[in-house]
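**Q** Before I ask anything, here is the structure I am working with.
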Amino acid sequence: MRFKERNKKILTLLIFFLTISSDSCAEASSRSHISKSKIIPAEVSFYEQVLPTLSGKSVVLVTNPSGIGRHPEKILKEFKDKKVKIKHLIGLEHGFLGLEEDFSKSPVTVDETFQLPIYHIYKVKNSEIPAILKGADAVVFDVVDMGMRCYTYLSVLKRLMDNLPDPSTRFILLDHPNPALYLGARGEGIQKKFLNFAGEFPSLFFTGMTLGEAAAFYNGEYLSGKVKLEIISPENLKRGFDWEREGIAWSTPSPNLPMLDSARNYLGLVLLEGVNVSVGRGTQAPFVYFGAPWMNEPEDIIQELNEDSKGDYYYQSVFFKPTFGPFKGEICRGLRLTVVNRKYDPIRMAYNLTSIMKKKYKDFKWRQYADGSHNIDFLWGTEKFREFVDAGKTYEEFKSSYAELESSTNRQIEKYRIY
């Protein structure tokens, strides 16, 4: 009897350790080391093959730490070695080092690293851009995009392509994967009255394209191919890639998207910027935490939200105090979002989350500008997101209202897909 009990205990322990070992292996296999990645970034081809063709030429450089800008010393050395002159820099929303929270107040400043002028396109009139680009043999554009119309790097791309003064100027774009590529083109287009710097590219809310594909689409559909566009693609990238298992390193495009988890959450939580809550800007977890001082007893909605998630993500209650942005210095109660399914539906998540918050909290409000217009309409592109939530419509009703547009747009962009 003792012998049988002893064998039973040994067997139980063996099963336990095998289970732990199996779980550990599964966890380890879900993320690959960068050294094992088969995807070769575009910058490798740029430095080895493209930069030498610019010898003796003058370029305008558009980058930040999500691209070749993360290694400015290499830029200075390689460009000098190849006798390529950097005429000046173009500033994106968060500055050359990707650290600025606010837009520059001046249209042009001097970059300390390069000791060159950096022009902040969002502060420059479109009519002034041709003069900034005049005399450049090439524009080199290299940043990581989010695959969303409301991400301002896409607006910078459009403005530069619109205002190239010389059709012989090479527009060299180093392409990257983005966290939203799995979605395809999703959402609605933007109405003319809602055009703004965080939404002027002619696409749906999710573009369904990489930045390179978006540039090719815009050049072909809106500029009659006038831009001398050269897209440098990452080698071996395929549309159905898995970020972790492919061993693709995350390069931070802005201070509020420090991790891939933040970026994945951003796909949906960015729409909460149209509501009177903090989305965690100014905390240790931007676009992971969200809430407000008035969001009392958040546990009351967690069960409903988690049931609604279909296992794709879950929420936990949290306290936080933003150091800037909405409710700066105030203690906020709210929720923490964790995405489980890397290919979740962020529009569904944002729509149902907003609807449930509006139903639960009397202090819920749509964020408005001084003229009474609604921030959410500028983000989404039409009034429909807000109006359907206010009318108590289901997500399925909301989605069906633009489903035909999604289908036609995905057919339209098909020919511009590179991957």
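Where a number appears in this text, it was derived from the coordinates with a stated rule and is not lab data. As the structure is a prediction and not an experimental result, all values here were calculated from the model. Backbone-built Cβ (ideal geometry, glycine too); neighbour counts: all protein chains shown.
**Q** Past the 22 Å Cα-Cα mark, which pairs from Lys193/Lys358; Lys328/Lys365; Lys83/Lys226; Lys134/Lys228; Lys359/Lys399; Lys123/Lys328?
**A** On the way: Lys193/Lys358 26 Å; Lys328/Lys365 18 Å; Lys83/Lys226 28 Å; Lys134/Lys228 15 Å; Lys359/Lys399 20 Å; Lys123/Lys328 26 Å.
As for pairs spanning more than 22 Å Cα to Cα, those are Lys193/Lys358; Lys83/Lys226; Lys123/Lys328.
**Q** If amide hydrogens are placed 1.01 Å from N in the peptide plane, which non-local residues have theirs closer than 5 Å to the one on Ile86?
**A** Result for Ile86 returns Val59.
**Q** If R₀ is 51 angstrom, what is the calculated FRET efficiency for the pair Ile40 and Lys362, using the beta carbon separation as r and rounding to 0.05?
**A** On the way: r = 54 Å, r/R0 = 1.06.
Calculated value: 0.40.
**Q** Arrange the peptides 85-92, 191-198, 273-280 so that the one whose residues have, on average, the most other Cβ atoms within 10 Å appears first. Each step should come with its number before you reach the end.
**A** Numbers: 85-92: 21.4, 191-198: 14.0, 273-280: 24.2.
Output ranking for 85-92, 191-198, 273-280: 273-280, 85-92, 191-198.
**Q** How about Lys238: which aspartates and glutamates have a C-alpha closer than 18 Å to its C-alpha, ignoring those fewer than 8 places off in the same chain?
**A** Counting by Cα, and skipping residues close in sequence, Lys238 has these aspartates and glutamates nearby: Glu43, Asp145, Asp175, Glu213, Glu246, Glu414.
**Q** For the range 35-77 and the range 261-339, write down the distance between their C-alpha centroids in whole Å.
**A** 37 Å
**Q** What distance in nm separates the simple spin-label points at Ser127 and Lys74, each placed 7 Å from Cα in the Cβ direction?
**A** Here the answer is 4.2 nm between the modelled labels.
**Q** In addition: Only helical DSSP H runs with n ≥ 4 go in: add -39500 (n - 2.57) per run for the chain, normalise by residue count and round the 222 nm mean residue ellipticity to 500 deg cm²/dmol. Numbers along the way, then the final one.
**A** Details: 13 runs with 133 residues, N = 419.
Estimated from H runs of four or more residues: -9500 deg cm²/dmol.
**Q** Determine, at each q value in 0.06, 0.08, 0.10 (inverse angstroms), the log₁₀ of I(q)/I(0) that the Debye formula gives when each Cα of the chain is one equal point scatterer.
**A** Ignoring solvent entirely, the Cα scatterers give -0.28, -0.49, -0.74.
**Q** Give the distance, in whole Å, between the Cα centre of the range 359-419 and the Cα centre of the range 205-260.
**A** If you average the Cα positions of each part, the centres end up 23 Å apart.
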